[in-house]
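Nothing in this text is a laboratory measurement; each read-out follows from the coordinates by a stated rule. Quantities reported herein were computed from a predicted structural model and do not represent experimental measurements. In this analysis, Cβ positions are derived from the backbone assuming ideal geometry, glycine residues included, and neighbour counts consider all displayed protein chains.
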Amino acid sequence: MSRKNRIVLIGYPHHIILRGNNRNAIFYVDKDKRFFIECLRRAKEKTNCKIYSYCFMSNHIHLKFLIPGTQYLIDNDAILEYNKS
């Protein structure tokens, strides 16, 4: 079961944590991280958000970003693209 939608406060930084299923690894080699960074870069350009920081661990990611206007950081297309790899 997925979590309930979070409240999005426009103009305030958000801290997001992405975890692998059952806390399993999501990055196995550096190429995986580079690919995710490229997906994140494209999502950033598409939504014009500001990414303040990110931290990659083998089984999770921390992102701190600011959402401009009413757009979201990562849309479903970007998530699906990463999941296909």
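Some points to look at:
- Gained length - Lys4 relative to Lys64, 0.36 nm times residue gap less alpha-carbon distance: 19.6 nm
- For the pair Lys31 and His14, the difference between a 0.36 nm per residue extended length and the Cα-Cα distance amounts to 3.5 nm.
- Each other residue within a Cβ distance under 12 Å of Ser58 adds +1 if Lys or Arg and -1 if Asp or Glu, for a net charge of +1.
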